[in-house]
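Below: the structure, in structure tokens.
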Amino acid sequence: MTWNGRNGGWEKLGPMIAMMAASAASDWDSSERRARRRSRGADDWHDGPARRGAGRKRRGRMFGTGELRLALLALIAREPRHGYELIRAIEDMTGGSYAPSPGAVYPTLQMLEEEGMIKPAKGKASEEDGEGSSKKPFKATKSGKAELEERSDEVAELMERLGEHGERTERIREKSPDLFRAMGNLGTVLKNRARAGKLDQAAMNEIVDIIDEVAKRIERM
């Protein structure tokens, strides 16, 4: 197993591990809620018609087809932002449990610019962000604002869903603070050892064995 520490890879390790914990805890929280609904005889409600637009979101993914594009456009329309700020904004909305990758955000911004939905904002100097990409802030054009107005219901539903995800993450974090602390500690220790040059292949192999053993012990509980 290898880990690419370039382009801020190690900086993302702690949040990534926390996201894994949040995902597992979210599944547990959902199972608890389903069990409570079954005990109240509410399964019919759970299996009823899906909310409008729910089919666009694939299970296990934060955004369905075209939704990241719409979210970025909506956030830029609120105030000029560059790619890193947009990543952090979505991470904040989801309670720190999800951040879109630069590999998804920057090509989407380029597409929005080519479509004429956004354009570079003046009055803010470009610089290098933590991902090695230019901090070029964008603002929404008239065309971009017109699309948002036309799709206002979709935008509202999407932003509401992201906010609900953040609220759910906070509830889960309150239920299991020690789990998040422990997972965060793991990410921090690995990141610090990598920065100190103490994560060669032999060390990584040993760490993988430790994590695998812990996973087996948890599975046997």
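The values are calculated or read from the model by the stated rules, or taken from the named source; none is laboratory data. As the structure is a prediction and not an experimental result, all values here were calculated from the model. Methodologically, a virtual Cβ is constructed for each residue, glycine included, from the backbone with ideal geometry; neighbour enumeration extends over all protein chains shown. Areas reflect the complete protein model, heavy atoms only, side chains present, ligands, DNA and RNA absent. Shrake-Rupley method; radii C 1.70, N 1.55, O 1.52, S 1.80 Å.
Comparison of Glu170, Glu150, Glu219, Glu213 shows that the only residue that is surrounded by fewer than 10 Cβ atoms within 10 Å (Cβ to Cβ) and out of contact with any helix residue (DSSP H, G or I) (no Cβ under 7 Å at 6 or more places or on another chain) is Glu219. Selection of region 185-200 for residues being open to solvent by less than 80 Å² (accessible area, probe 1.4 Å), over 17 Å from Ile211 (Cα atoms) and not in a helix (DSSP H, G or I) yields Ala196, Gly197. Would you please name the residue that is modelled with the highest pLDDT, looking only at residues in region 183-221 that are under 20 Å from the mean Cα position of the chain (by Cα) and of a type in the set (A, V, I, L, M)? Result: Leu186.
Scanning region 98-112 finds no residues that are among the small types (Gly, Ala, Ser), at pLDDT below 95 and over 23 Å from Gly166 (Cα atoms).
On the basis of being at pLDDT below 85 and either in contact with a helix residue (DSSP H, G or I) (Cβ under 6 Å, 6 or more places away or on another chain) or within 23 Å of Gly166 (Cα to Cα) (or both), does Ser30 make the cut? Answer is yes for this residue. Residue count for region 127-142 under the criterion of being modelled with pLDDT under 95 and open to solvent by 70 Å² or more (accessible area, probe 1.4 Å): the result is 3. Considering (1) modelled with pLDDT of 85 or more; (2) within 15 Å of Ile76 (Cβ to Cβ); (3) not small (Gly, Ala, Ser), say which one Lys122 fails and leave the rest. Of the numbered conditions (1) modelled with pLDDT of 85 or more; (2) within 15 Å of Ile76 (Cβ to Cβ); (3) not small (Gly, Ala, Ser), the odd one out for Lys122 is (1).
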